[in-house]
Amino acid sequence: MIEIYTTPDCIYCHALMNWLDKQDIKYKEIDATGTDITSVPLTKIKKGKTVIAEISGFDRPAIKKALKELD
């Protein structure tokens, strides 16, 4: 499972979601407005309930590496 914490005006958030859409990778978008999250996008990649990666920013290599751990 992939969770992406975003804000409406974050261009990097939208770029990340567009990239995931093109890769046909499913994710859940969570609005980080009004939370204590200070940097978006924040991507949490989970295997079950365990967070295997928490990636700040649109870091494609880190996201690809973490996604391989889901296989």
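Observations, loosely collected:
- Mean sequence separation of contacting Cα pairs (under 8 Å, at least six apart), scaled by the length of the chain, corresponds to a relative contact order of 35 percent.
- Considering only the Cα atoms of the chain, their convex hull presents on average a projected area of 4.5 nm².
- In the full protein context, the chain carries 67 Å² of accessible surface per residue, based on a 1.4 Å probe and ignoring ligands, DNA and RNA.
- Surface composition of the chain: carbon and sulfur make up 50 percent of the accessible area, probe 1.4 Å.
- For the chain, a simple Cβ point-charge model (Lys and Arg +1, Asp and Glu -1, everything else neutral) yields a dipole of about 360 debye relative to the Cα centre.
- Percent antiparallel among DSSP beta bridges (both partners in the chain, rounded to 5): 70
- With the simple spin-label model, which puts each label point 7 Å out from Cα in the Cβ direction, the Lys46 to Leu67 separation comes to 1.9 nm.
- The sum of -39500 (n - 2.57) across all DSSP H runs of n ≥ 4, divided by the residue count of the chain, sets its helix-only mean residue ellipticity at 222 nm to -9000 deg cm²/dmol.
The values are calculated or read from the model by the stated rules, or taken from the named source; none is laboratory data. This is a predicted model, so every value here is computed, not measured. Here Cβ is always computed from backbone atoms with ideal geometry, including for glycine, and neighbour counts include all displayed protein chains. Please note that ligands, DNA and RNA were not included when accessible areas were found on the heavy atoms of the full protein model with its side chains. Shrake-Rupley method; radii C 1.70, N 1.55, O 1.52, S 1.80 Å.
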